[in-house]
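For reference, the structure is listed below as structure tokens.
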Amino acid sequence: TRSASADTLSILKEEGEDGQPGSVGGVFHCFTETKEVAKAALDMGFHISFSGILTFKNATDLRDIAAWVPLDRMLIETDSPYLAPVPHRGKTNDPSLVPWVARQIASLRQLSEQEVGAQTSANFEKLNYGLDIYFKTAMGLRWLEQYMGEKEFEAGMKEYFDTWHFHHPYPEDFMRCM
């Protein structure tokens, strides 16, 4: 979105991103935009991801946004090999430095680093599960639907979810990917 946040948000809206069922959602990576952009992204179902920039001295506004973004919609990242957090600024960034970003967020929110790490990891796992498992499975199930026929396939999927939905964490998201 760098220098194109209005265009980015407009395109996402044109493509149907509105945070409602059927929206794809995703991540605003290495977020450096305004609170208004963060709010619009969150309203469309996106997560906000913060990098080492959050630890930079001149990132006061960004820290205010990180304190405001709901923790269950936040991710932390390296943006390797760039944007290493303070005190490693100017050096090559790598995943071992993510705790510095978590530490900054924990300080802003008066939480432990472990709480921030646990929640942002859970957020990632939910997104990764949705983007990896659902789409790969959906592709396989599309093949199965062609093999079985549409009516038999739909009846089988309904029976599966009616019987086993409690084992599947997000069945409505899964079916939406179909």
Q: May I ask you to derive the relative contact order of the stretch 1-68, considering only C-alpha pairs under 8 Å and at least 6 residues apart, and to give it as an integer percent?
A: 30
Q. For the stretch 1-138, which whole-number percentage of the solvent-accessible area (1.4 Å probe, protein heavy atoms only) is attributable to carbon and sulfur atoms?
A. 53
(Q) List the residues, sorted by chain then number, that are 5 or more residues from Leu75 or on another chain and whose placed amide H is less than 5 Å from its amide H. (A) Ile48, Ser49, Phe50
(Q) Given a 1.4 angstrom probe, what's the average accessible area per residue across the stretch 1-124, in square angstrom? (A) 54
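The values are calculated or read from the model by the stated rules, or taken from the named source; none is laboratory data. Everything numeric here is computed off the predicted structure, so don't read it as measured data. With ligands, DNA and RNA removed, areas are computed over all heavy atoms of the protein, side chains included. Shrake-Rupley method; radii C 1.70, N 1.55, O 1.52, S 1.80 Å.
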